[in-house]
Amino acid sequence: MPALRADARRNRERILTAARAVFAEQGIDAPMAAVARRAGVGVATLYRRFPTRHELVRAAFAEQMATCGRVLVDAVADPDPWHGFTRLVETACALQRAERGFPAAFVAAFPGTAEVHASARDRAERDFHALVRRAQAAGALRPDFHPSDLALALLANAALVAAVPDDPATSRRLVGYLLDAFRAAPARGPLPPPSSTLRLMSASALAPPPTTTAKPTHAAEAGRTGTRRATAAARAAAVRGGAG
């Protein structure tokens, strides 16, 4: 029996690992059969472990959601509200880099637990608003920052991660710029180093298109020579006419 329990645990972990990979590639609406194929289990086994898609999504990203919750609690309790704010933004963006399916899972509505999910969301919203007010009162966060600007930052980072998935330096530098923009006073430290990938992309975008200089054909060159001779003859005739 212990061997069966170990097999069940391994199957569960394979399913959750496969689900995160498939959701990252295809979104959280990906077919359940695709998750089962990636995990190497039957569809019946998948549904025995996770009867609904919502249960699978919650289980696949449970660790990431718990991390966000802990970081928000720590940020609210941090005596330095700016430090708490920056750590929250950096952690959320780091989770986006690590699990590209996580942002959609984080904002998805779960009909089976709508009341519980709404309650947790409302509590998180209240805590984040309180953190924003504290950081603004301390003069660290710009006074016109709105809590919805966090979603703006996460959407921008998610798009960048999707465009350049294998270069975390791009995301870290974007987050550095965003935090610098959110801060009421000028940034005190340097930005994270630039990405070599984006340096090449920027250079390619700014470089002028290559030009090819075609060798003149014999007919074209002869035509230009004739034109030059005709122009010279006309000028000589004009000079003679003026002299007469």
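Just so you know, all these numbers are worked out from the coordinates, no wet-lab data involved. Just so you know, these numbers come straight off a predicted model, no measurement behind them. Note that we place each Cβ from the backbone using ideal geometry, even for glycine, and neighbour counts take in every protein chain shown.
Can you compute the FRET efficiency between A162 and R9 using 1/(1 + (r/R0)^6), with r the Cβ-Cβ distance and R0 = 35 Å? Round to the nearest 0.05. After rounding, the FRET efficiency stands at 0.60. Placing R0 at 30 angstrom, the Cβ-Cβ distance between R70 and T17 gives a FRET efficiency of 0.85 after rounding to 0.05.
Residues in the stretch 132-148 carry Karplus couplings, in order, of 4, 4, 5, 5, 6, 5, 7, x, 8, 9, 4, x, 8, 5, 10, x, 5 Hz; the curve used is 6.51 cos²θ - 1.76 cosθ + 1.60 with θ = phi - 60°, and Gly or Pro positions show x. Shown in residue order for the stretch 18-35 are the 3J(HN,Hα) couplings computed by the Karplus curve 6.51 cos²θ - 1.76 cosθ + 1.60 at θ = phi - 60°: 5, 4, 4, 5, 5, 5, 5, 7, 10, x, 6, 8, 4, x, 4, 5, 5, 5 Hz (x for Gly and Pro).
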